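Only one structure is covered here, and it is reproduced in the block below.
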Amino acid sequence: MPSPGKNFGSKYLQTLVGLFDIYQSYDSAFCYRGAFADRFTNTIIDISEGSVFRREPMMNRKVSFLLVECFQNIVKHGENLQEDSFKDEGIFTFHMKDKEFIINSINHIHASEILSLKELVEQVNSLDNDQLKSLYLRQLNNNSELSEKGGAGLGLIELARKSGHKLLCEFEEVQPPYARFHQQVSFLKKESTESLARNCIPQTIDLYSALSAKDIFLFYKGDFSQKSILSLLDIVEQNVSGNPTFNSITRKAAHVLVELLQNISKHGTSENEERKEGIFLIGKSEEQIFIQVGNIVSAKERDFLLDKLAYLSMLDQEDLKELHMAAMKASLKFENKNKSGLGLIEVVKAANGKFEYTFEALPDERYLFGFHVTF
């Protein structure tokens, strides 16, 4: 591990910076890789609410429906190929850019299902909305064709109806007897001049490979409102709790995670004053949990943080404990608690030297402040 507080950007924070470069122009981007459970459905909706079409309830309802259907597709039909404590049942992503909202997913299926799925998608894509409605009712009423998992492609038919666009899908054979089912559902605003959304399946495949290689199970770029933070924490808790390997470090990691996310909530910048923009990822491997966060800062803020972090890096745990107590007292005496630097001190103290940071220059004389901590 490099010396505490070293300012760098090549190793630990390379993934965070790379994802920021890719998604910087996006309104939001979310990716989850791991075990899929029903309880996450509402969580996904909560996260998306700060990212979709503001003040347009009808479109938001359609997007919420599409998210639920896509996520439930993995919950109902996904197969888990791994037998260890971390279940990798696929990947679920959504992003919004300009006037398009795109949902991509990858889940494992039995290879024997490829032909029937492919035929169903081709059939659905060949029908107009009235024909899709008729097909849906026919399949719904034909109980003999319904599978144990809720079958007959009712979900796919509804996705095509509600999105108003053709479904995109690809199949990839992996570990026999399984295959990967790649799916994309697109939703465009009515005033959009585009008739077709971009095909993001190749990008999602690359993202899945990159996150798997780095042991990352959650990535988010967008609005860090209080509601979004609580929703992100719910997914994190579900993925690290109950595992004896992580029980001793989960509480400390959760405390630091809250501090880091709240820092973005307080200090993240955006052209829209209602939004607090930032980027966040978390992963786990062997006996470690790691967290990375980033937000945009001004040159003045960068200089302040550089001085503060350089100073904190030189302190041992006893010095940090004393400084923490002094900062707590200062925060009680002044209205502006941010000046005490209490949150940053708490993070550095909890990290026990296992942190790194970087400042990546942006074209507009601002910087991406990236922070990495390992437990």
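Close amide-amide hydrogen proximity is noted between ALA35 and LYS87, GLU89, each under 5 Å apart and 5 or more residues distant or on a separate chain (H modeled in the peptide plane; Pro and chain starts excluded). Between GLN123 and SER298, the contour length at 0.36 nm per residue exceeds the Cα-Cα span by 57.7 nm.
The slack between ASP21 and ASP364, meaning 0.36 nm per residue of separation minus the straight C-alpha distance, is 122.1 nm.
With neighbours defined as other Cβ atoms within 10 Å of a residue's Cβ, the residues MET325, MET59 order from fewest to most as MET325, MET59. The phi-based Karplus calculation (6.51 cos²θ - 1.76 cosθ + 1.60; θ = phi - 60°) puts the 3J(HN,Hα) values of the range 100-107 at 10, 10, 10, 10, 10, 8, 9, 9 Hz, whole numbers, x for Gly and Pro.
Here, each number is a calculation from the coordinates, and none is a lab measurement. Since this is a predicted model, take the numbers as computed values, not measurements. No Cβ is skipped: glycine too gets one built from the backbone with ideal geometry, and neighbour counts run over all protein chains shown.
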